[in-house]
Structures are given as C-alpha cells and as structure tokens.
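Chemist: Before we start, here is the structure in question, set down as structure tokens.
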Amino acid sequence: QVQPVESGGGLAQAGGSLRLSCAASGRTFRNNAVGWFRQAPGKEREFVAAINWNGGTIYYAESVKGRFTISRDTTKNAVYLEMNSLKPDDTAIYYCAARAVMSAGRAPSEYAYWGQGTQVTVSS
C-alpha cells in the first residue's frame, strides 16, 4: 500500500513561491498517478493538479494554471508541486494523493491513498 507523505508547506507572501513535496512511504509511486488537492476552511476539498505514472499526462485546475507546476522524479520516488505567484486564495491544507492506477484523474473519489496534508498560508 502506498502512503503519501507531504512536506514543504508554510507561510508565504502574496506573489511568492513555495514548493511542496510528496514522498511515497511503504512502496514506490512508480505505477501510480498522483494528484494534489487542497481544502480551505469551510470549503470542500478541491482538485489542484495531477500527473500520470510517467509524467506524460498532466492536469491543472483553472485557478492555478500558469502558476503551479506538478512534476515527478521516479529516481527519488517523489512528486512535487511548484507554486508561484501565490495569492491569499491559495491558503489551504494541501493534500497529496495516489491512485491505484496509472492514469491521472481530477476527482478526489478517484484517489485511494491520501497523505495527512500540509498547511500553506499566503499573506496579503
């Protein structure tokens, strides 16, 4: 069973950058699609970005397109979310999740394995 573990959250100013990392505990991500989701207080969990098993297919939410970049490094068994031009609306707990299949998806229900989340706070 894959257990995602997030790191890299913290506090940033509007316009700044943060890089989130997601490592696989238990076994590798090699054959799993991985996604990032976020949940702000009082809001539902929403899709941010996803990448398929080999990086050949990538999806982004419209709200982050052009600002966030998802990538994966199979040699390090990790997936990253580079966040630039941060806005206060990006403040949320960010979750990394893995699918049981190779293809990426946008719905939280498609993901079987979830990390504990990492807090991202963007000040204005």
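Chemist: Check which residues have an amide H placed less than 5 Å from VAL101's amide H, if you skip close sequence neighbours.
Modeler: ALA33
Chemist: Does anything in segment 83-111 have its amide N under 16 Å from the 7 Å Cα→Cβ label point of SER7, and if so which residues?
Modeler: Once the point is set 7 Å along Cα→Cβ of SER7, 96 turn out to lie under 16 Å by backbone N, inside segment 83-111.
Chemist: Could I ask something else about it? So what are the three principal axis dimensions of the chain from its Cα atoms, in whole Å, longest to shortest?
Modeler: Principal-axis extents of the Cα atoms in the chain, largest first: 39, 29, 25 Å.
Chemist: For segment 81-97, in order, what is each residue's ³J(HN,Hα) by Karplus, 6.51 cos²θ - 1.76 cosθ + 1.60 with θ = phi - 60°, in whole Hz (x at glycine and Pro)?
Modeler: 10, 8, 10, 10, 6, 4, 10, x, 5, 7, 5, 4, 8, 9, 10, 9, 9
Chemist: What FRET efficiency would be calculated for the residue pair GLU82, ALA112, taking the C-beta separation as r and a Förster radius of 25 Å, to the nearest 0.05? Spell out each step's value before the answer.
Modeler: Values: r = 25 Å, r/R0 = 1.00.
The computed FRET efficiency comes out at 0.50.
Chemist: Could you identify which residue out of VAL64, VAL48, VAL34 has the top mean-square fluctuation in a GNM of the chain using Cα springs shorter than 10 Å?
Modeler: VAL64
Chemist: Could you give the longest part of the chain that holds none of the GluC sites (Glu not before Pro) found in DSSP loops with at most 10 neighbouring Cβ atoms within 10 Å? Don't jump to the answer; show the numbers that get you there.
Modeler: Working: sites that count: GLU44, GLU62.
The answer is 63-124.
Chemist: Trypsin sites (Lys or Arg not before Pro), restricted to segment 7-78: which are DSSP loop and have at most 12 other Cβ atoms within 10 Å?
Modeler: Working: sites: ARG19, ARG27, ARG30, ARG38, LYS43, ARG45, LYS65, ARG67, ARG72, LYS76; in loops: ARG27, ARG30, LYS43, ARG45, LYS65, ARG67, LYS76.
Listed in order of number, the matching sites are ARG27, LYS43, LYS65, LYS76.
Chemist: VAL34: net charge of surrounding residues, Cβ under 10 Å, Lys/Arg +1, Asp/Glu -1, itself excluded?
Modeler: Details: positive: ARG72, ARG99; negative: none.
Within the 10 Å Cβ shell, the charges total +2.
Chemist: Next question. Under 21 Å between alpha carbons, and skipping anything fewer than 8 positions from LYS43 in its own chain: which lysines qualify?
Modeler: Result set, ordered by chain and number: LYS65, LYS87.
Chemist: Still on this structure, I have one more. Choose one of TYR94, THR57, GLN116: the residue whose Cα lies farthest towards the positive end of the charge dipole of the chain (beta-carbon charges +1 Lys, Arg; -1 Asp, Glu; about the Cα centre).
Modeler: Checking the options against the dipole of the chain, the answer is THR57.
Chemist: A further question on this structure: Tally Lys/Arg at +1 and Asp/Glu at -1 over every other residue whose Cβ is under 14 Å from the Cβ of SER17; what's the total?
Modeler: Values: positive: ARG19, ARG67, LYS87; negative: GLU82, ASP90.
Combined, the nearby Lys, Arg, Asp and Glu give +1.
Computed from the coordinates by the stated procedures, all read-outs in this text should not be read as laboratory data. What you see is a predicted model, and the numbers here were worked out from it, not measured in a lab. Note that each Cβ is placed from the backbone with ideal geometry, even for glycine, and that neighbours are counted across all protein chains shown.
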